[in-house]
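One structure is given here, and the rest of the page talks about it.
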Amino acid sequence: MTDTLIPPLPEVRPGARAWFALMGAEAKMVARDTAGLIVPLGMPILILVMNGIGFDTDVVIPGTDGRTAFDIFVLPITLTFIVAMVGVVNMPSFLATYRRTGILRRLGVTPASPVMVLVAQAVVGIAQILVGLVLAVGVAHLAFGANPPVDVWTAVGMLAFTVAAMYSVGMLVAAVAPTPQSSVAIGLVAFFAMAALGGLFGPRENLPEPLAEIGGVLPFGAAVDALGAAWAGDVVPVAALVGLAVTTVVSSAVAALMFRWE
Amino acid sequence: MTRGTRLRLPAVPSVGAMTAIRATNLRKEFRRRGRTTVAVDDVSLHVEVGEIVGLLGRNGAGKSTTVDLVSGLRAPEAGTVRVLGHDPRADRAKVRGVLGVQLQQPRLHDALTVREVVRLHRSFYPTGREPDELIEAMGLTDSRSTPFADLSGGQMQRTSIAVALVGNPRVVILDELTTGLDPEARRGMLDLVRGLREDGTTVLLVSHHMDEVEKLCDRAVVLDAGRVVAENTPAGLAVDAGLAPDAGLEEAYLTLTGATR
């Protein structure tokens, strides 16, 4: 019974195989959750199509290198919608379910850390977002003749920034929600509040001025403005950048303080 | 588990006499709505390599909290835990590679099938058992393509045990091993634990079933209200309780914990 006879134990850290297996498991979980798979992709496309039918997609906005109102307003709203649905509604509901069902606790007794689940979930979510973005841009181009952004790399950068902001809001929702049901409820309220003030249901200019200004710095409106600027070849508004940056930093910090594994 | 199917794990290298699990003066409190409950109070126990030790106690005695502390899921307010000489929280990467834990509630990914769940957990370890062999040994072959959420309670339990063993652990903690199992599956699980002993695996077995502990365990630790009230061989516990050595563990347990029949 002497501890001195104990041989040293090797450190066991999950390798690439474990990471891929966990990401594969997360992808299967998302694919088998019909609503979680279809709603974040189907609803935005539906809104895109409805807007495309209602818009005169041939009217070019002056000074935008031939981009139409459809390119500059409808497409950014659709793309932001996809990112926000996955980041703010889907992702926290998965994490809340994992916490509720004890999966994070179960992983806590294996070499895989619960942090791996967060990363795998984020990777799968981003893959789902990419599928949604490609689908939306494809439908917009094929059905309504949508144009690519004047400044492609700015658009890519702003999309990445939008993903960071929406995921940080999603992490905050996951941190404060006590149950999976409440995470969906909180996520949907946060989503629709940001979307309504950000121009999803009509031009932000139609809102009372204080609300329009608030909507412009909340992540949905800020993302729409930033992507619209990239599509038009304009300089991205500072207010949009600040809004996305502050959202990312503050939400991440608060989520990190409040997040519970159990 | 299929009758007659013995689970064979690779033999654990002999490393001489040593302590596989050593918990010393553990204390754990839970605070809720201004109230503090002491779940585990000054608990010390040890399990030598290759031993099977039972952890007994009524509901709320502190058994599962002790499992959480030993497996490193929770940090104690006081006391220390060593698994093969290492702190399961500070040396997480070392301990997790040699420790297999079956938690009381079998909780795994609902939408994944049995095979997918076991394969996923196998991927976390550099070496381990072949998932399909383990699934067969657990009697889950016919259910291997069934999502975890659609399994019966007993099948969930067996999947949870498979997941605990898939990394070839040297130390295994089984919390309520046979809960929810039918008599045949229960017997298979007892054979499984015997197989683990033959392979040199150390087992901490948390149980309500006195017959199980009596048949399988070298020693048993009895918890009551968060404290260790006795620790001995099953026969020794009877003597500790002031009974004849052959009085049986159940009588000894009831006497030691002050329970009435």
Rounded if a/c under 1.5, otherwise prolate or oblate - the stretch B:130-261, Cα gyration tensor axes: prolate
For the stretch A:140-186 and the stretch B:21-59, what is the separation of their Cα centres, given in Å? 46 Å
Setting aside same-chain residues fewer than 8 positions from residue A:28, which lysines have a Cα under 18 Å from its Cα? none
Per the 1.4 Å probe, what fraction of the accessible area of the stretch B:204-261, in percent, lies on carbon and sulfur atoms? 50 percent
Farthest toward the dipole's positive end in the protein assembly as shown, which of A:155, A:244, A:47, given Cβ charges of +1 (Lys, Arg) and -1 (Asp, Glu) about the Cα centre? A:244
What share of the DSSP beta bridges in the protein assembly as shown is antiparallel, in percent to the nearest 5? 60 percent
Out of all DSSP beta bridges in chain B, what portion is antiparallel? Express it as a percent rounded to 5. 60 percent
Show me, bin by bin at 20 Å from 0, the whole-percent P(r) of the protein assembly as shown based on Cα pairs. 21, 43, 25, 11, 1
Nearest-10 value in Å² for the accessible area of residue B:28, using the 1.4 Å probe: 20 Å²
Per the rule of 0.36 nm per residue minus the C-alpha distance, extending residue A:19 to residue A:242 adds in nm 76.9 nm
Considering only protein heavy atoms and a 1.4 Å probe, what is the carbon-and-sulfur percentage of the accessible area of chain A? 73 percent
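What do you reckon, how do A:192, A:201, A:94 stack up by accessible area (1.4 Å probe), largest on top?
A:201, A:192, A:94
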State, to one decimal in nm, how far the label point of residue A:27 lies from the label point of residue B:250, with both points 7 Å from Cα in the Cβ direction. 5.3 nm
May I ask you to find the residues of the stretch B:106-122 that are shielded by at least 40 Å² of accessible area once the whole protein assembly is considered instead of their isolated chain (probe 1.4 Å)? B:107, B:109, B:111, B:112, B:116, B:120
For the stretch A:18-258, what is the charge dipole size about the Cα centre, in debye to the nearest 20, if Lys and Arg each add +1 at the Cβ and Asp and Glu each add -1 at the Cβ? 1240 debye
What nm value, rounded to one decimal, do you get for the distance between residue B:145 and residue A:260 when each label is placed 7 Å out toward the C-beta? 4.1 nm
Each residue of the stretch A:250-256 in order: what ³J(HN,Hα) in whole Hz does its phi give by Karplus 6.51 cos²θ - 1.76 cosθ + 1.60, θ = phi - 60°, with x for Gly and Pro? 5, 5, 5, 5, 5, 4, 5
So if I take the centroid of the Cα atoms in the stretch B:199-259 and the same for the stretch B:78-136, what is the distance between those two points in Å? 27 Å
Largest first and to the nearest Å, give the Cα extent of chain B along each principal axis. 50, 44, 40
On a 0 to 90 degree scale, rounded to 10, what angle separates helix A:16-32 from the longest Cα axis of chain A? 60 degrees
With every protein chain in place, what's the accessible area of residue A:184 (1.4 Å probe, Å², nearest 10)? 50 Å²
Might you tell me the accessible area per residue for the stretch A:18-258, computed with a 1.4 Å probe and given in Å²? 41 Å²
Taking only the alpha-carbon positions of chain A and ignoring solvent, what does the Debye formula give for the base-10 log of I(q)/I(0) at q = 0.07 Å⁻¹? -0.28
Please compute how much accessible surface disappears when B pairs with A, both sides summed, using a 1.4 Å probe, and round it to the nearest 100 Å². 3600 Å²
Any idea how far the Cα center of the stretch A:194-262 sits from the one of the stretch A:118-133, in Å? 20 Å
Surface accessible to a 1.4 Å probe, residue B:89 within the full protein complex, Å²: 120 Å²
Which sequence of A:183, B:152 reflects their accessible areas, 1.4 Å probe, from the largest down? B:152, A:183
Please state, as a whole number in µm²/s, the translational diffusion coefficient that the Stokes-Einstein equation yields for the stretch B:45-151 at 20 °C and 1.002 mPa s, with Rh defined as the Kirkwood radius across alpha carbon pairs. 133 µm²/s
Could you state the accessible area per residue of chain B in Å², with a 1.4 Å probe and every protein chain left in place? 40 Å²
In what order, largest first, do B:36, A:162, B:141 sit by accessible area if the probe radius is 1.4 Å? B:36, B:141, A:162
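The values are calculated or read from the model by the stated rules, or taken from the named source; none is laboratory data. Here the structure is a predicted model, which is why all the values come from computation and not from measurement. Every residue, glycine as well, gets a Cβ built from its backbone with ideal geometry; the counts of neighbours run over all protein chains shown. Side chains included, ligands, DNA and RNA excluded: accessible areas come from the protein's heavy atoms. Shrake-Rupley method; radii C 1.70, N 1.55, O 1.52, S 1.80 Å.
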